[in-house]
Amino acid sequence: MLRPTSLRYLALVAVFASSTVAADGAGLKVLPVNNGVNQLTFLGEPAMAVRAWRENYNAHGFDVVSFYARDKAAGEKASWNLVPVFGQVANADASERLEITVGGGADCVLHDFRLLRSDDDKRVMLVIAQRDMGDSFADAAPVHFTWYDLARNEDEAPGEPWLSFRQTRTTQAAKTYCDVEEAFDKELHLGTTGGKGGPGDTD
């Protein structure tokens, strides 16, 4: 039997996933990720998200966010594991991201994310929004949402991490937006912020 958080299951999800937002996001709540260390649980395992500000001394500073988890079965001395984010490309190594970013310009946020989790912690999702550049930072342009499910490497497949976010699908906002926060709120009903960022808070 395939577990809902296995890599094999996610391969099937990628093929058969519906384009309806509610089908994937129903019953999940936004977990705010604020500047600093955020203590969480992922699929029942101790986890954390670290968010730090990358100063740029202009309107284009940005936040960097990375995810980590630890196997509770291994006890308190267990090592922290990085939880990478994988996209859908032919070369798996090229698709691996060790962190995600939040940023844009003085007028609008061009890319941000929402971390979602079910109340029973059996499903964790990541949604990343990316706005096309358009003619300038201040233009309304198409916004693309990329959806990921958190997967556990149940079979201990060589070369794969213990936990990772795996892309399942992409969707596009029905309207154009300058700020992806507005797209998150109006299109997916996930609010106008995924957490408080650093000194230049782009949220």
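The table for this structure:
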read-out: Close Lys-Lys pairs in region 45-203, where close means Cα under 27 Å and separation is 8 or more or interchain; value: 7
read-out: Under the Karplus curve 6.51 cos²θ - 1.76 cosθ + 1.60, θ = phi - 60°, whole-Hz ³J(HN,Hα) for region 141-149, x wherever Gly or Pro sits; value: 8, x, 10, 10, 10, 10, 9, 9, 10
read-out: Net charge of Cβ neighbours under 12 Å - reference Leu82; Lys, Arg +1; Asp, Glu -1; value: 0
read-out: Quotient of C-alpha Rg and 2.2 N^0.38 Å, computed over region 30-69; value: 1.37
read-out: Rounded to the nearest 20 debye, dipole of region 124-175 from Cβ charges on Lys, Arg, Asp, Glu; value: 240
read-out: Virtual spin-label span in nm between Asp185 and Asn56, 7 Å along Cα→Cβ; value: 2.3
read-out: Per residue convex hull volume, Cα atoms of region 111-203, in Å³; value: 130
read-out: Counted charge near Val64, where neighbours are those whose Cβ lies closer than 9 Å (Asp, Glu -1; Lys, Arg +1); value: 0
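Values in this text are rule-based calculations from the coordinates and carry no lab data. No experiment lies behind these values; they were computed from the predicted model shown. In this analysis, Cβ positions are derived from the backbone assuming ideal geometry, glycine residues included, and neighbour counts consider all displayed protein chains.
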